[in-house]
Structures are given as C-alpha cells and as structure tokens.
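Read the structure below first, then the notes.
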Amino acid sequence: MITLLNILVVILLFVDYRQTLDIKNHAGDYEINLILGKHPSDIRVSIYFLIVTLLFTIVIWAVPIVWACLWTLGWTIVEGWAIINNIKLGLKI
C-alpha cells in the first residue's frame, strides 16, 4: 500500500513540475513557492523538483512505516492542492 502511495506522490510531483514549467506562458501569473521565486527558470524548476523527489523518497525509506504513511499523506494533500489550484489558473501539464 505504501509503495502505491509513494508512486502517487511522485506522479503528483511530476504533474506539479510540468504545471510550474507552464506558468511562464501565462502573463500576470507567478510562482508562489518562495524557494523557486516568482519567475523561476526551467533549469531551476527542474533541479528543485529533482531534489524534492529525491528527498521525499529518502525520507520514505529512512523512517518507520507509520511516519512514512503520514509523510506520504501530507505530500499527497499539498501536491493535490497545488495541482487543483494550478488547473484553476489554466496551467497545463
């Protein structure tokens, strides 16, 4: 079960990544992630999401299963919210 949830989070991260790359095509829209900045370059977005995905995966393997489940649930909620918000803004995958 936890492996399927991990895969779900990685898929959600990929969708958010693609939407974040698309934000530059929408005049007036900007990124709200403070780490990325309002108008991040494609390379900055790519490096950020690569690091986040790797850190997410490392934590999953480093903590007890209960914490891994909570960690995954938290990421699912955060990424789900981000993707829904991005869809409302018209960002594409």
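Values in this text are rule-based calculations from the coordinates and carry no lab data. Model, not experiment: these values are computed from the prediction.
What the table below lists for this structure:
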{"quantity": "Angle between the chain longest axis and helix 65-88 axis [Cα atoms, degrees, rounded to 10]", "calculated": "20"}
{"quantity": "Between helix 42-62 and the chain: long-axis angle, C-alpha atoms, 0 to 90°, nearest 10", "calculated": "10"}
